[in-house]
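Participant: Sending over a structure as structure tokens; questions will come in a sec.
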Amino acid sequence: MPRSSIFLPEHHRRLALGWLLICLALVAALFWLLPRSQINSSVLALLPKQQLAGVPEDVSDAFSKRLDRQLMWLVKPPEGAQRDNALNAWLQKLQKLPALQQVEGPMDDASQRQWGLFFFNHRNALMDAATRARLSAGAAAQSQWILGQVYSAFAGVSGKELTGDPLLLVRASQMAQQQNGAGMTLDNGWLVAKDTQGKSWYLLHAELRASSYDITSSKQIVGQLDALKTQFEAQWPGAKVLERGTVFYSNYASQQAEHDISTLGVASVVGVFLLILLVFRSVIPMLLSLLSISIGALAGAVMTLLVFGEIHVMTLVLSTSIVGISADYTLYFLTDRHVHGGQSTPLESLKKLFPALSMAMLTTVAAYLMLLIAPFPGMQQLAVFAAAGLSAACITVMCWYPYLAKRLPIGPTPGLGLILCWLHAWRSTKKLRIGLPLAVLILATIGGIRLHVDDDIGQLQALPGDLLKQERQIAALTGQSNEQKWLVVYGDTAEQTLQRLEALEPRLAQAKKEGAVAGYRLLGLPSMQRQQADLALLTQRAPQVAAELKQAGLNVSVANVSPQWVTPQAWQHSVISQGWRLLWLSLPDGRSAALVPVNGVSNGAAMQSLAQAMPGVGWVDRKSEFSGLFEQYRVMLSWLLMLAAGVICAIYLWRFRWPHGLICCIPTLLSLAMGVAALGLSGHSLNLFSLLALILVLGIGINYTLFFTNPRGTPTTSMFAVFMAVVTTQLTFGMLVFSSTQAISSFGIVLSSGILTAFVLSPLTLPGKKRGSNK
Amino acid sequence: MRRLVFLMLGLFSLSVHAVTLDDLQQRFSQQPVLRAEFSQQRSVSGMDQKLNSSGILVISRNDGLWWQQEKPFALSLLLTDSRMVQTMAGQPPQTVTAQNNPQMFQFNSLLTALFHADHRALEQNFTLDFSDRGQGNWKLVLTPKTSPLNRLFKTITLEGQTFLNNININDMQGDVTQIRFFNQRTEPKTLTDAEKQHFSS
């Protein structure tokens, strides 16, 4: 089919019908996809998935998912008689929430007994490190220790205990467990932390039924918990509740994004529509813009969901920015119809505008697709969303508007006088031609000097002060901060994992001694290899210990040294793994992993090399790792941008020759410089996101230059359309500046200042004065 | 009127002579250093033999408690504000700090509270029954009310006059421990150099 044939009425009608069918299919697809997809609001989900310290992806995924579902509270009840009532009231309220499962408060007497019983029944398998050391040193060390315990008035060793467990193995392992208690005491079954004023804070724990990423359910549960908390603190004067959990953060982030979408999005749309209404003085262009924007959003959403299975809130916020760009296509076409509607048919207009429209669409789509280079799911989603959305919006204009725009009122180019004035000034006033770029250059230099680089991923997420305060309090009380730093130990089987964990133990103790970390939590589940070695040791020492005790006057029987193996399954189903189960993971194929949370890390590099030196151990420090990655990609993108700018300049020089070619480079280069400088001037810092914005500045800004350098002569109508495009783009990207998330806000700053500069300076590329008379 | 005055006089004189827990606490707190010898007998159910031990102890208001069992084997227990160290011949000292094991530390701090008749510390964990036995003799029965103490001890009974003389501990398992203190001395009022070494170890 020859290319021009699509402009024949019957062919074009077929195209329009085909596009209608595609749009209907897209609507159907959206309804099919929506219930099967989720909205993701985790900041970490924006980050690249690979490269996590070599830990198998399914393992780290399963752990992050699990950790994200955890919730904990520290409750300070009113003092005195009301204490237990208040604590139980809070516990019961949590237990009644359908969104929570496994709400754990105090360990009741029955579980405490079960706990003791499990230890007793498996005492030969659950030997603690101190006992192992004593038994290895010799029978005397153990018998001396037993004597010390028995003679102590306050140790409370009873005859019954000595008869059942002559080596006091249960007592020793429970003492070791207490050492592991991380600054918390047990009070009537509750885990309690004391603050500096000596007030007690009681620990409760629960798990979310749904993933905390699920936007509606997290909003609901956080709302319920807030209400409970307010009610509780009002009912019990002096009571206080502290909370910790990913859901609180992700809910905050999604609330913020929702707020951004609703206010910024609405402001953008209203601004664009008002502008259209003002310029065209008709509602038809407004409705048509709405149609192309909606179809663009529809196509963008469907493609994103198809490719990624989910959509991130950050993508949604950034996607509001394509409203402005997709409105451009409508405006190009409608401006032409508005001015020339009397002289040419709609299809003739389309034929005339087709190269410009498709060129503009292709450059912008190409710029967005460049974002795919960065391995960040959020940016990749935006790229897919924008590429699909912009193409669909443009195709809608091409296929439908020749019919839909028939009743558009006809009139002269709005603001024609002003445009001519502006262009004339550029051509004739030397001050403007030289002065303005020079002024921009000075401004860009000042901004550039004040600019600093910051790759901290904390920028991505603005944390609310209240949550941060609670977080600090919890960290101070429990000595466990939410640093998201841990070692992952993994292996092909549970046994291999446990053996690796045991090999890690002395290294960790050494690291703690050297001050690299303040503390760590190791799973109390011994490998089968260790259990067998311990049993052999027990079998050897038990008769010797009994003999020595007898000599000292303590007549006890020889300890029973039958095997009492503890398998990972038995451990997981027992009460003793309560509070530890989270740290153990067994995949269906047998591969297993254990998490070793580490706190107070002062030497991350030492931990990194510790992990690297051992097979199956990974050091996970998400924040530093990602900040490093940010830097890496920021540098990579800088080179890429320079290359792109260089190629563009070379093309200009080749096409327009010296010196005009060089002049044509100026707007492009200065728009990039101003985009970056605006960050410095507004006190923001440069990061990866600024560079991603620069790619768009290059992709969108170049259009303006292209139009002005078009040697066939640019009609004022096109120029007006370019002006409208800039204003709508400013209305949308400019809005992002007001986002409460810093990363998005700085993205907006770079884009709007860069594009504005590109537009303002673009007349510089107009061919010399002699051609101006053609207009 | 006269009867009222008489009654008030009677009440007044009563309050002069009766010993209260507050008096005791005040009296004990006025002794900067107390030294004593102890002998302890533990009867563990199911064992025919009684377990006898003896030794010395030093309580310093500022430095803590040092408990030295000498017979039948040497074992020392040092208890300060921040740590508890148990030392046995031929074994590395076992140190428990409030940070690494608050549970056990809290438990052992009760020991100090016992010797100081520290009202408030004791009341957090026990119901107190104080009685004046006449002629300056007194008796304090402690019944644990919090877990895990209430699963270990039935009662802890303190008896004394000028000083604490006896501690009787009744375990939940039916075991009984009796500790007798004698030869109490409050002079010199500061720790000797040798004693200081124990506390700084």
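Participant: For segment B:38-85, which strands (runs of 3 or more DSSP E) that fit wholly inside it have 1 or more residues that are at pLDDT 90 or above, within 18 Å of B:Ala194 (Cα to Cα) and touching a strand residue (DSSP E or B) at 6+ places or on another chain (Cβ under 9 Å)?
Facilitator: The qualifying strands (runs of 3 or more DSSP E) are B:51-60, B:64-71.
Participant: When only residues in segment A:263-295 that are in contact (Cβ under 8 Å) with a residue 60 or more places away in the chain and over 23 Å from A:Leu318 (Cα atoms) count, which is surrounded by the fewest Cβ atoms within 10 Å (Cβ to Cβ)?
Facilitator: A:Arg281
Participant: Right, next: Name the single residue that is surrounded by the fewest Cβ atoms within 10 Å (Cβ to Cβ) among those in segment A:162-189 being modelled with pLDDT of 85 or more and within 10 Å of chain B (Cβ to nearest Cβ).
Facilitator: A:Thr163
Participant: Those residues that are crowded, with 18+ Cβ neighbours inside 10 Å and either within 50 Å of the chain's Cα centre (by Cα) or within 9 Å of another protein chain (Cβ to nearest Cβ) (or both), I need them from segment A:136-153; list them, please.
Facilitator: A:Ala141, A:Gln144, A:Trp145, A:Leu147, A:Gly148, A:Val150, A:Tyr151, A:Ser152, A:Ala153
Participant: Among the numbered criteria (1) within 14 Å of chain A (Cβ to nearest Cβ); (2) part of a strand (DSSP E or B); (3) touching a residue at least 40 places away in the same chain (Cβ under 8 Å), which single criterion is violated by B:Gln173?
Facilitator: Looking at each condition in turn, B:Gln173 falls short on (2).
Participant: Would you pick out the residues in segment A:9-32 that are more than 17 Å from A:Leu404 (Cα to Cα) and in contact (Cβ under 8 Å) with a residue 60 or more places away in the chain?
Facilitator: Result: A:Leu26, A:Val27, A:Ala29, A:Leu30.
Participant: Any residue at all in segment A:402-418 that's buried (at least 18 other Cβ atoms within 10 Å of the Cβ) and touching a Ser or Thr at 6+ places or on another chain (Cβ under 6 Å)?
Facilitator: Scanning segment A:402-418, I find at least one residue that is buried (at least 18 other Cβ atoms within 10 Å of the Cβ) and touching a Ser or Thr at 6+ places or on another chain (Cβ under 6 Å), so the answer is yes.
Participant: While we're looking at this one, here's another question. Could you identify the single residue in A:Leu277, A:Leu306, A:Leu291, A:Leu242 that is of a type outside the set (S, T, N, Q) and closer than 19 Å to A:Gly378 by Cα?
Facilitator: A:Leu306
Participant: What are the pairs, 6+ residues apart or on separate chains, where a residue within segment A:69-96 that is charged (D, E, K, R) has its Cβ under 6 Å from a residue that is assigned to a helix (DSSP H, G or I)?
Facilitator: Note: pairs meeting the criteria are A:Lys93/A:Leu228.
Participant: From the list A:Val313, A:Val302, which residue is farther than 24 Å from A:Leu751 by Cα and surrounded by 21 or more Cβ atoms within 10 Å (Cβ to Cβ)?
Facilitator: A:Val302
Participant: Next question. Determine which member of the set A:Ile395, A:Ile474 is in a helix (DSSP H, G or I) and under 30 Å from A:Val307 (Cα atoms).
Facilitator: Selected residue: A:Ile395, the only one of A:Ile395, A:Ile474 that is in a helix (DSSP H, G or I) and under 30 Å from A:Val307 (Cα atoms).
Participant: Only residues that are within 11 Å of another protein chain (Cβ to nearest Cβ), in a loop (DSSP other than H, G, I, E, B) and at pLDDT 75 or above: list them for segment B:88-119, please.
Facilitator: Matches in segment B:88-119: B:Ala89, B:Gln91, B:Pro92.
Participant: Which members of segment A:361-415 meet the condition of being of a type in the set (S, T, N, Q) and assigned by TED's automatic domain parsing to the domain that holds A:Val317?
Facilitator: Residues satisfying the conditions are A:Thr363, A:Thr364, A:Gln380, A:Gln381, A:Ser391, A:Thr396.
Participant: Right, something else. Look through segment B:47-63, keep the residues that are crowded, with 19+ Cβ neighbours inside 10 Å and away from chain A (no Cβ under 14 Å), and return whichever of them is nearest to B:Ser76 (Cα to Cα).
Facilitator: Looking at the filtered set, the residue picked out is B:Val58.
Participant: Going by what's in this entry, would B:Val44 be described as surrounded by 14 or more Cβ atoms within 10 Å (Cβ to Cβ) and at the interface with chain A (Cβ under 8 Å from one of its Cβ atoms)?
Facilitator: Yes.
Participant: Tell me whether segment A:237-249 contains one or more residues that are basic (Lys, Arg), out of contact with any helix residue (DSSP H, G or I) (no Cβ under 9 Å at 6 or more places or on another chain) and at negative phi.
Facilitator: no
Participant: If you don't mind, another one. Being free of Cβ contacts under 8 Å to residues at least 60 places away in the same chain and facing chain A (nearest Cβ under 9 Å) narrows it down to one residue among B:Leu122, B:Leu77; which is it?
Facilitator: B:Leu77
Participant: Still on this structure, please answer the following. Read through the list (1) surrounded by 15 or more Cβ atoms within 10 Å (Cβ to Cβ); (2) within 12 Å of chain A (Cβ to nearest Cβ); (3) polar (S, T, N, Q); (4) outside any helix (DSSP H, G or I), then give the number of the only condition that B:Asn150 fails.
Facilitator: Unmet for B:Asn150, out of (1) surrounded by 15 or more Cβ atoms within 10 Å (Cβ to Cβ); (2) within 12 Å of chain A (Cβ to nearest Cβ); (3) polar (S, T, N, Q); (4) outside any helix (DSSP H, G or I): (4).
Participant: Please tell me if A:Pro106 is in a loop (DSSP other than H, G, I, E, B) and surrounded by fewer than 19 Cβ atoms within 10 Å (Cβ to Cβ).
Facilitator: no
Participant: Another question, if that's okay. Tell me, please, whether a residue that is without any contact (Cβ under 8 Å) to a residue 12 or more places away in the chain and within 14 Å of another protein chain (Cβ to nearest Cβ) can be found in segment A:579-595.
Facilitator: No.
Participant: Only one residue in A:Gln531, A:Gln572 is away from every other protein chain (no Cβ under 14 Å), in a helix (DSSP H, G or I), touching a residue at least 12 places away in the same chain (Cβ under 8 Å) and surrounded by 19 or more Cβ atoms within 10 Å (Cβ to Cβ). Which one?
Facilitator: A:Gln531
Participant: Looking only at segment A:365-397, which residues are under 19 Å from A:Glu348 (Cβ atoms) and without any contact (Cβ under 8 Å) to a residue 60 or more places away in the chain?
Facilitator: If the condition is that a residue be under 19 Å from A:Glu348 (Cβ atoms) and without any contact (Cβ under 8 Å) to a residue 60 or more places away in the chain, then no residue fits.
Participant: So which residues in segment A:190-224 are part of a helix (DSSP H, G or I) and at pLDDT below 80, if there are any at all?
Facilitator: A:Ile215, A:Thr216, A:Ser217, A:Ser218
Participant: Here is a follow-up. Out of segment A:583-618, which residues are at pLDDT below 85 and either assigned to a helix (DSSP H, G or I) or of a type in the set (Asp, Glu) (or both)?
Facilitator: Answer for segment A:583-618, where residues must be at pLDDT below 85 and either assigned to a helix (DSSP H, G or I) or of a type in the set (Asp, Glu) (or both): just A:Gly604.
The values are calculated or read from the model by the stated rules, or taken from the named source; none is laboratory data. The structure displayed is predicted, hence computed values, not measured ones. Quick reminder, even Gly has a Cβ in these numbers, built from the backbone with ideal geometry, and neighbours come from all protein chains shown.
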